[in-house]
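Peer 1: This is the structure I have questions about; it appears just below.
The values are calculated or read from the model by the stated rules, or taken from the named source; none is laboratory data. Note that the structure is predicted; figures quoted are calculated from it, not measured. Every residue, glycine as well, gets a Cβ built from its backbone with ideal geometry; the counts of neighbours run over all protein chains shown. Keep in mind that these areas ignore ligands, DNA and RNA; they rest on the heavy atoms of the full protein, side chains included. Shrake-Rupley method; radii C 1.70, N 1.55, O 1.52, S 1.80 Å.
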Amino acid sequence: MNQNTNVPNHAIDLRSDTVTLPTADMYEAIATARLGDDGLDADPTARELEAATAELLGKEDGVYFPSCTMANLATIMVQAARHDIVLAQEDSHIYGAERGGAVLTGAFYQPIRGECGAMDLDLLSDALDSRRSKLRTALVCLENTHNSAGGTVLPVEYMRDVAALARAAGAAVHLDGARMFNAAAYLGVPASALAEHADTVAVCLSKGLGAPMGAVLACPAALAGRIRTMRRALGGGQRQVGIAAAAGLVAIRSMVARLGEDHETAARLSAQLREQAPALRVSVPQTNIVMVDTSQTGRPAQQWAADLAQSGVLVRPWSRNVLRCVTHRHIVSTDVDQACQVFAALAQGR
Ligand SMILES: *Cc1c(COP(=O)(O)O)cnc(C)c1O
């Protein structure tokens, strides 16, 4: 692993599940994919991926995107008019990392406070109350699992409640499901049970599922045409895109079932860190993300990340005193054990 990055071969790379490399099956599928011109009259492998993902999520159609960011953006442009309000949890990716898209969407992004990645339902109700705003709220966004909250899972009932509030107020629901298969695995439900409570659902193929790139936006048939037009306007129309979609098909068909392994390695990482480095405050993960609070060690996250990297453990400083560690298919239990030893040694000032 890591042949194609500037990190040492032996590095234990916990920066993100996006560092995963294509599997042998993906390379094989890429080499043999049927291809067409997706900008002209459709690439057959991209169409197959779109249909397979839509079916898995219980939606009528799917649109393949170069990234989940673009899938979210195109959805907001189709579902919200200029000057409409888009609601999202305050730490969500759409609000925290993507609201710069307002230069294109013209929408008014409004954050809703809430714990563990879940918007507070009373605050959401207030925000949806049309008497309180002169602008129309067009879209409510959910994120499951929730990245910044540490891979936390929104239960099905919570999603149903949000959808009911949104629909009663005439707003559509979008699920930023970049890691929704992790959520479904944690809950032990089919992904469609989560997707049911959103009109549109974006899933990332290039995170824990291991494809090199791409995301699919699953949606009602009535929206697919406008979503495709918006994708083209954003420069997201590609030609022999089946090259990438072929790997995405392998991801959807054969990588979903193994995500539980990443949850086990994350649980192991968390348990061992809590035992071996008690000065760190370590989250108990539901899925594949562990957040490590370094504030009691007197060293900020940046310093920790630099020191860990010196010993071959790569993590992401997430905020001043928090590190994010993500498990994925290249991280096995012995990597976790080794990483914990490095953490423990640094915590003891060695
Ligand atoms: C990674 C991520 C995205 C963006 O995905 P890209 O494919 O990198 O654009 C969006 N939302 C969430 C929750 C994510 O974790």
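Peer 1: Using only the Cα atoms of the stretch 166-285, construct the convex hull and provide its projected area averaged over every direction, in square nanometres to one decimal.
Peer 2: Numbers: hull surface 41.9 nm².
Quarter of the Cα hull surface area: 10.5 nm².
Peer 1: Along each of the three principal axes of the Cα atoms of the stretch 121-192, give the extent in whole Å, ordering the values from largest to smallest.
Peer 2: Projected onto its principal axes, the Cα set of the stretch 121-192 covers 40, 23, 18 Å.
Peer 1: Hey, any idea what Rg/Rh is for the stretch 161-200, computing Rh the Kirkwood way over Cα pairs?
Peer 2: On the way: Rg = 10.9 Å, Rh = 10.7 Å.
Dividing the radius of gyration by the Kirkwood radius yields 1.02.
Peer 1: From the gyration tensor of the Cα coordinates in the chain, what semi-axes in whole Å does the equivalent ellipsoid have, largest first, with each one equal to sqrt(5λ)?
Peer 2: Values: eigenvalues 222, 140, 56 Å².
Gyration-tensor ellipsoid for the chain: 33, 26, 17 Å.
Peer 1: Taking the Cα centre of each part, how many Å lie between the stretch 266-292 and the stretch 296-350?
Peer 2: Here the two parts' Cα centres lie 11 Å apart.
Peer 1: Next question. Output the direction-averaged projected area (hull surface divided by four) of the convex hull of the alpha-carbon atoms of the stretch 7-153, in nm².
Peer 2: On the way: hull surface 49.1 nm².
If you wrap the Cα atoms of the stretch 7-153 in a convex hull and average its projections, you get 12.3 nm².
Peer 1: Starting from the Cα of residue 254, step 7 Å along the direction of its Cβ; do the same at residue 82; then give the gap between the two resulting points in nm.
Peer 2: 4.9
Peer 1: Roughly speaking, what is the stretch gain from residue 134 to residue 90, that is 0.36 nm per residue apart minus the C-alpha to C-alpha distance, in nm to one decimal? List each step's numbers first, then the result.
Peer 2: Numbers: separation 44, 0.36 × 44 = 15.84 nm, distance 2.14 nm.
Between residue 134 and residue 90, full extension yields an extra 13.7 nm.
Peer 1: Around residue 234, with a cut-off of 14 angstrom between Cβ atoms, what is the net charge of the other residues, counting Lys and Arg +1 and Asp and Glu -1?
Peer 2: Working: positive: 226, 228, 231, 232; negative: 98.
Counting the neighbours of residue 234, the net charge comes to +3.
Peer 1: What's the carbon and sulfur percent of the stretch 168-267's accessible surface, probe 1.4 angstrom, rounded to a whole number?
Peer 2: Details: 1840 of 3340 Å².
Ligands and nucleic acids excluded, carbon and sulfur reach 55 percent.
Peer 1: How much of the accessible area of the stretch 6-131, in percent, comes from carbon and sulfur atoms when a 1.4 Å probe is used? Display every interim value, and only then the final one.
Peer 2: Numbers: 2980 of 5880 Å².
Carbon and sulfur together cover 51 percent of it.
Peer 1: Now, a different point. Let me know the Rg and Dmax you get for the stretch 206-246 when you use only its Cα atoms, in Å.
Peer 2: Looking at the stretch 206-246, its Cα Rg and Dmax stand at 11.7, 30 Å.
Peer 1: Right, something else. Roughly speaking, what is the stretch gain from residue 27 to residue 264, that is 0.36 nm per residue apart minus the C-alpha to C-alpha distance, in nm to one decimal? Write down the numbers at each step before the final one.
Peer 2: On the way: separation 237, 0.36 × 237 = 85.32 nm, distance 2.70 nm.
Once the chain is fully extended between residue 27 and residue 264, it gains 82.6 nm.
Peer 1: Another question about this same structure. Taking the solvent-accessible surface of protein heavy atoms with a 1.4 Å probe, what is the per residue accessible area of the chain in Å²?
Peer 2: On the way: 14750 Å² over 350 residues.
Averaged over the residues of the chain, the accessible area is 42 Å².
Peer 1: PRE reach from residue 123 (point 7 Å along Cα→Cβ): which of the stretch 143-169 fall under 14 Å by backbone N?
Peer 2: Of the residues in the stretch 143-169, 149 have backbone N under 14 Å from the label point off residue 123.
Peer 1: A further question on this structure: Once the Cα gyration tensor of the stretch 219-350 is found, what semi-axes does its equivalent ellipsoid get, as square roots of 5 times the eigenvalues, in whole Å, sorted largest first? Each step should come with its number before you reach the end.
Peer 2: Details: eigenvalues 290, 63, 38 Å².
After diagonalising the Cα gyration tensor, the semi-axes are 38, 18, 14 Å.
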